[in-house]
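The values are calculated or read from the model by the stated rules, or taken from the named source; none is laboratory data. What you see is a predicted model, and the numbers here were worked out from it, not measured in a lab. Positions of Cβ are backbone-derived with ideal geometry, glycine not excepted, and every protein chain shown enters the neighbour counts. The accessibility values were calculated without ligands, DNA or RNA, using every heavy atom of the protein model including side chains. Shrake-Rupley method; radii C 1.70, N 1.55, O 1.52, S 1.80 Å.
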Amino acid sequence: MIEKWKYQYWLSCIKGVGNKKRKKLVEYCGSAKEVYALTKKQLMSIPKINEKEAEAVVFSRLNLDLEKEADILNQTGIKMLTIEEAEFPKRLLQLSDCPYAIFYKGNIPSEQERTAAIVGARMCSSYGKAAGLALGEALAAQGISIVSGMAYGIDSFGHWGAVKGGGRTYAVLGCGVDVCYPKGGWELYEKIQSCGGLLSEYLPGTKPVPGQFPARNRLISALSDIVILVEAKQKSGSLITADFALEQGKDIYAVPGRMDDALSMGCNELIRQGAGIITNIEGFLLELGFGKDEIKQKKEKEREKIEKALEKDELMVYSCFGLAPKNMEELVKMTKMPVQKLANILISLQAKGLIEEYYKNHYHKK
């Protein structure tokens, strides 16, 4: 194993020290190797590192066979990236609790890849299955990689759709990447490695535990440009992913369903709150910017018309909006405008039908 990875893997293995504290240690010391050399007293001198955490670092150094443990990656073919490396996914670096390390088989999404998450119910209907497959296939055929969690139901159908569409797909697991979960998903598990990759923030060998799956959902949304829900009950893991997506400023789309169908209540509620609605795949692709040249030209003319009709400050704010929605804090940073002035411009843009407030202080282009 490369020397630096040995220490990075050690830092990943320390129990009692979370992602934020690992990041703090590396920022303060420069690398995991430098952290490894510190005494308990030196560790406690680092801001926000308490005695219990310092003891955990020292204990792991004294009780972990560094060479033996680190060789696990060599034996299993698992690759690792940490925040110490330039190749670490920049999409994940935006998270307040960004994982210190990502373990993966196959590949990870590149910064240039357009990505879409497809998530939904495990016990889905035939309608949900068809929708997940069709969306995965159609998006993959346009070069959009599919991200999901490899769970039974919609997640798996989204992955298989991407495979059918000849595209790339990535699964974020709630266990170690060397653990196939669900157990009956071996065919998909192997297929994803060859046309994308399997990722996890959990150490190799980590068994699937219910509490780990909600946390992994933040990685699914973070790695995706947009999040699509296909069948979700009112209280479900898919809605947790949607909540993370909102916090991260991602566009959310949902496939509508019957009013009396419990599987559709979560999706229908998201649409009521302002999520994009997918009524047919062709129209959805057009909305994402795929389609006939004349449609693209028409949209370009509409954009030019809008720009000519806006005042300078209005245009500055309007230009901040792209595929992803923006919240007030982001817009203040981007425009450098006083909050009150920005608020007035946002009201003006809403009155002109150009943007919409879909969630308190969260806006997207109409």
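Structure data summary
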quantity: Sole residue being in a helix (DSSP H, G or I), open to solvent by 30 Å² or more (accessible area, probe 1.4 Å) and without any contact (Cβ under 8 Å) to a residue 24 or more places away in the chain, chosen from Glu34, Glu67, Glu87; calculated: Glu34
quantity: Residues of the stretch 37-55 satisfying the condition of being open to solvent by 20 Å² or more (accessible area, probe 1.4 Å) and either polar (S, T, N, Q) or outside any loop (DSSP other than H, G, I, E, B) (or both); calculated: Thr39, Lys40, Lys41, Gln42, Met44, Ser45, Asn50, Glu51, Lys52, Glu53, Glu55
quantity: Filtered residues of the stretch 149-158 (kept if out of contact with any Lys or Arg (no Cβ under 7 Å at 6 or more places or on another chain) and closer than 17 Å to Val179 by Cβ); calculated: Met150, Asp155, Ser156
quantity: Residue in the stretch 306-318 that is at pLDDT below 75, in a loop (DSSP other than H, G, I, E, B) and over 26 Å from Lys233 (Cα atoms) present; calculated: no
quantity: Subset tally (residues that are without any contact (Cβ under 8 Å) to a residue 40 or more places away in the chain, more than 18 Å from Leu285 (Cβ to Cβ) and outside any loop (DSSP other than H, G, I, E, B)) for the stretch 243-258; calculated: 3
quantity: Subset of the stretch 1-53 that is acidic (Asp, Glu) and modelled with pLDDT of 90 or more - its residue that is nearest to Thr82 (Cα to Cα); calculated: Glu27
quantity: Residues located in the stretch 90-106, provided they are assigned to a loop (DSSP other than H, G, I, E, B) and open to solvent by 30 Å² or more (accessible area, probe 1.4 Å); calculated: Gln94, Ser96, Asp97
quantity: Residue match in the stretch 7-26 (condition: β-branched (Val, Ile, Thr), in contact (Cβ under 8 Å) with a residue 60 or more places away in the chain and open to solvent by less than 70 Å² (accessible area, probe 1.4 Å)); calculated: yes
quantity: Pair list, Cβ under 7 Å, 6 or more apart: the stretch 126-152 residue over 19 Å from Thr279 (Cα atoms) and assigned to a loop (DSSP other than H, G, I, E, B), other residue of a type in the set (Lys, Arg) and open to solvent by less than 40 Å² (accessible area, probe 1.4 Å); calculated: Gly149/Arg216
quantity: Residues (touching a strand residue (DSSP E or B) at 6+ places or on another chain (Cβ under 7 Å) and of a type outside the set (Ser, Thr, Tyr)) located in the stretch 148-160; calculated: Gly149, Met150, Gly153, Ile154, Asp155, Gly158, His159
quantity: Which listed residue is open to solvent by 20 Å² or more (accessible area, probe 1.4 Å), at pLDDT 95 or above and either outside any helix (DSSP H, G or I) or more than 21 Å from Lys233 (Cα to Cα) (or both), from Val163, Val177, Val119; calculated: Val163
quantity: Checklist (1) assigned to a loop (DSSP other than H, G, I, E, B); (2) surrounded by fewer than 22 Cβ atoms within 10 Å (Cβ to Cβ) applied to Ser224, failing item; calculated: (2)
quantity: Subset of the stretch 129-148 (residues that are touching a Leu at 6+ places or on another chain (Cβ under 7 Å) and open to solvent by less than 10 Å² (accessible area, probe 1.4 Å)); calculated: Ile146, Val147
quantity: Positions within the stretch 333-342 being crowded, with 16+ Cβ neighbours inside 10 Å and assigned to a helix (DSSP H, G or I), in sequence order; calculated: Thr335, Leu342
quantity: Qualifying residue in the stretch 76-84 (condition: touching a Cys at 6+ places or on another chain (Cβ under 9 Å) and among the hydrophobic types (A, V, I, L, M, F, W, C)); calculated: yes
quantity: Among the residues listed as Gly205, Gly196, the single one being on the phi > 0 side of the Ramachandran plot and open to solvent by 10 Å² or more (accessible area, probe 1.4 Å); calculated: Gly205
